[in-house]
């Protein structure tokens, strides 16, 4: 069967700071190809809608699958599905991915028949099982499938995340992927799942609190196959298990693999397993994303981070000692007033680290979706991108965006202003010498991407598709496993 897999367009945040290869879709493509299908990928982060149209015309796929990891992409995907059905009514259109797994029936209903199936759970299994049943008209019997004819059995987890390795050969514009100064950069994953249960996150509810590790040999094999000099490790929390991080490092050392690495972790993990991060620093780890989320204990308790402000500060000190460049994330509470924004600006300017701001957003699959979503001021999918306020703000909304953009702009000038440009001039020159312009373009795009008028104006756009409003639940009193996409797996799948 001819199968075309499509990644939607870039969101606001990725217009500026990063553009990551669609790793999940590449792994699905590899699994589908291993099952005997003819597969292609179009990534709308790097290709246009017109180019997608030409691919549809020349390849004439029998099935088209969309990756829907982000809620803000739902309207685009529904509209594209409708266009595909108009052009080729017999094409089977399915969607899968993290976010859509939590709202499958709703998206299916909104598509008015343009989407034939939503595949919940891990796509490597779900998409392959679905495609195998299409010739017999039995899509509704596929594990994890939600169709107009019925819902299939519980989604299945991969037996091992060692295989399939991503089908990176199917992406034709790999030089377009980057994260910060790593330009170009590929992406890898060493683990899936997260043992923590932060209230704003749905990683743990998607995987049923499971945590699975790639074998060190498979991880090193994947990295060794990558042509790009930069590698982003996409794990929700890197090196939770120090012996696993050490084993992968040993394999890379044995093979003589050298890359520049960027990863994400927690303060408490960095403090407990500092020696692992030091070893990776010697391997080429230069950049780290640290999800601090809040500066005070009250904010950390609200998000159930299970760390203290002191731990966060100590982790920054450790990262500095190791020699890592750290990007910090803070979650903006819509209840902030001008004083709170000012405090954040003062703190961000007092530390050497890069500070990014994201807006607290209830997502389906998170606990705060069930406790806060009744307060939502909008259900427009496009505003659920952690850059817009979808809950009531203490400040009038125009002033909230002015403070948000002003705060981010001050922080941005600190790292991308004239003085900072002198520090990165050699990096920019090296990129340009190799034909890489992603990072250089980023330096000049802030004002066009982060703009209070633009963000406020997005609230006035016509709305054609909206999120479902959930029933309110006291999650502390209900069975939390009701939130899981994958049931909690047997011990063989946990760490």
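Would it be correct to say that residue 33 is assigned by TED's automatic domain parsing to the domain that holds residue 133, under 18 Å from residue 158 (Cβ atoms), crowded, with 21+ Cβ neighbours inside 10 Å and in contact (Cβ under 8 Å) with a residue 40 or more places away in the chain?
Judged against the criteria, residue 33 is not a match.
Let me confirm something: among 439, 400, which residue is modelled with pLDDT under 85 and part of a helix (DSSP H, G or I)?
On the way: 400 fails: modelled with pLDDT under 85.
Matching residue, one of 439, 400: 439.
Would you confirm whether or not region 197-217 contains a residue that is over 22 Å from the mean Cα position of the chain (by Cα), outside the structural domain of residue 98 (by TED's automatic domain parsing) and not in a helix (DSSP H, G or I)? Walk me through it before giving the result.
Step one: of region 197-217, the residues over 22 Å from the mean Cα position of the chain (by Cα) are 215-217.
Retained after the next criterion (residues that are outside the structural domain of residue 98 (by TED's automatic domain parsing)): 215-217.
Remaining after also requiring not in a helix (DSSP H, G or I): 215.
Yes, the conditions are met somewhere in region 197-217.
May I ask you to list the residues in region 133-157 that are over 20 Å from the mean Cα position of the chain (by Cα) and within 29 Å of residue 211 (Cβ to Cβ)?
Hits for region 133-157 are 142, 143, 144, 145, 146, 151, 152, 153, 154, 155, 156.
What are the pairs, 6+ residues apart or on separate chains, where a residue within region 371-387 that is touching a residue at least 12 places away in the same chain (Cβ under 8 Å) and on the phi > 0 side of the Ramachandran plot has its Cβ under 7 Å from a residue that is surrounded by 20 or more Cβ atoms within 10 Å (Cβ to Cβ) and part of a loop (DSSP other than H, G, I, E, B)?
Note: pairs meeting the criteria are 386/361.
Within region 1-19, which residues are within 18 Å of the chain's Cα centre (by Cα) and either closer than 19 Å to residue 53 by Cβ or at pLDDT 95 or above (or both)?
Passing the criteria: 5, 6, 7, 8, 9, 10.
One residue is enough: does region 411-420 have a residue meeting the conditions modelled with pLDDT of 70 or more, outside the structural domain of residue 96 (by TED's automatic domain parsing) and surrounded by fewer than 16 Cβ atoms within 10 Å (Cβ to Cβ)?
Yes; the residues of region 411-420 include at least one that is modelled with pLDDT of 70 or more, outside the structural domain of residue 96 (by TED's automatic domain parsing) and surrounded by fewer than 16 Cβ atoms within 10 Å (Cβ to Cβ).
The values are calculated or read from the model by the stated rules, or taken from the named source; none is laboratory data. Everything numeric here is computed off the predicted structure, so don't read it as measured data. Backbone-built Cβ (ideal geometry, glycine too); neighbour counts: all protein chains shown.
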